[in-house]
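In what follows, a single structure is set out as structure tokens and then discussed.
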Amino acid sequence: MRRRSLLIAVPAGMVTLAACGDDKDDSSKASDSASPSTPQESAAPSPKIVDGPLPAITAGTKFDEKPTVAKGSGDPSKDLAVKTVIAGNGTTVVENDYIQANYLGQIWATAKVFDNSYDRKTPLLIQLSQGRIIDGWRYALTGKKTGSRVQMAVPPTWGYGEQGEPQAGIKGTDTLVFVVDIQETFNTKSSAKGTEVAQDNTDLPKVGTNTDGKAPSLDIPKSDPPKKLVANYVIEGDGDEVSAENTVLVQYKGLQWDTGKEFDSTYANKQLVSFPLQKVVKGWSQGLTGKKVGSRVLIVIPPDLGYGDNPPQGSGIAKGATLVFSVDILAKM
């Protein structure tokens, strides 16, 4: 059984354990409208994928430009219609990867746009796995390459089902049209990428700088731990800075300072983790705020910014423990 992440925190100093990569909070929802990350529970069979019909993209025809899409003509296919409008030459997307993408969604019969990320200027960050995203996206985007624009027409079976999504005006009979610009894809081999930063302070842990997706070394000195939060670059990326309101996608490992014992790791769990910084222990939210996407960060968290005298039950973390993390910031939303 996969271990559960120890990072998610709730108010009033209490902690809760949330499964790595399958916490069903609202962090992946970009708005109150129907995004593809709010699927109905589905046991639908695999769809037959066909070339069309698909309505024309009449404006915004470049990659990552907000598209305008015509109303569907006639009846849509009862199968999943998928077309690669722009073929990228980047990394191939694999099922269960996380993707970062801009998208627009509208109803076939009316051309009513019910959601789009372009106006928010915030790409969606979501895992292409069953239960995390509508099945139409999962089947249509698997095997595509980053840098691609993909258009799809999703029948209810692989969308929101017979229930539809009433708050967005989607009926249970509506076929949905999406245009998706795939920017990036991430998996357990993903790593920080940037410029190495000197680690000169011998009183602080030293973190390995490998970028092959394997867990970096994390060597803790025999000196006493610092009393204040430490958040230093090991590798400095060149992406946007993370804000306190962001959701981040990370690779990480965590050790106790006193024992050097590892208590949590995405590398060991073989599962990336995505979470809002507002829901993690204070040492993480403060330590990652202001850091750049693409970076590897050493975080040393004193007890008052970690779990204090109330560590999660069964975590193996001692009361009053100082915690040491290596964190790769892969993406943010």
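The values are calculated or read from the model by the stated rules, or taken from the named source; none is laboratory data. Bear in mind that the values here come from a model prediction, so they are computed numbers and not experimental data. Glycine gets a Cβ as well: all are built from the backbone with ideal geometry, and neighbour counts include every protein chain shown. Calculation scope for accessible area: heavy atoms of the full protein, side chains included, ligands and nucleic acids excluded. Shrake-Rupley method; radii C 1.70, N 1.55, O 1.52, S 1.80 Å.
Laid out as a table, the results:
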quantity	calculated
Interatomic Cα distance distribution for the stretch 139-195, bins of 10 angstrom, percent	20, 35, 27, 14, 4, 0
At R0 = 25 Å, FRET efficiency that the Cβ-Cβ distance of Thr188 and Thr92 yields, to 0.05	0.95
Globularity ratio of the chain, using Cα Rg and 2.2 N^0.38 Å	1.08
Once the Cα gyration tensor of the stretch 99-147 is diagonalised, semi-axes √(5λ) in Å	19, 15, 10
Ratio Rg/Rh, restricted to the stretch 100-244 and using Cα atoms, in which Rh is the Kirkwood radius	1.15
Calculated FRET efficiency for the pair Ala244/Asn201, C-beta based, R₀ 30 Å, to 0.05	0.70
Residues of type lysines that Lys171 reaches as a straight line, Cα spacing below 19 Å, ignoring anything fewer than 8 places off in the same chain	Lys71, Lys78, Lys112
Evaluated at q = 0.10 Å⁻¹: base-10 log I(q)/I(0), Debye formula over Cα of the stretch 214-321	-0.28
Under 5 Å, built H, 5+ apart or other chain: amide partners of Lys144	Val93
When each of Lys279/Lys319; Lys83/Lys253; Lys66/Lys332; Lys144/Lys332; Lys206/Lys332; Lys214/Lys291 is checked by Cα-Cα distance, pairs over 30 Å	Lys83/Lys253
Spin-label pair Asp64/Val85, simplified geometry with 7 Å Cα→Cβ offset, distance in nm	1.6 nm
Overall Cα dimensions of the stretch 269-309 - principal axes, largest extent first, Å	31, 25, 19
Cα-centred dipole magnitude for the chain, charges only on beta-carbon of K, R (+1) and D, E (-1), debye, nearest 20	260 debye
Volume per residue that the Cα convex hull of the stretch 164-219 spans, once the total is divided by residue count, Å³	182 Å³
Sequence of Met152, Met333 when ordered by accessible area, the most exposed leading, probe 1.4 angstrom	Met333, Met152
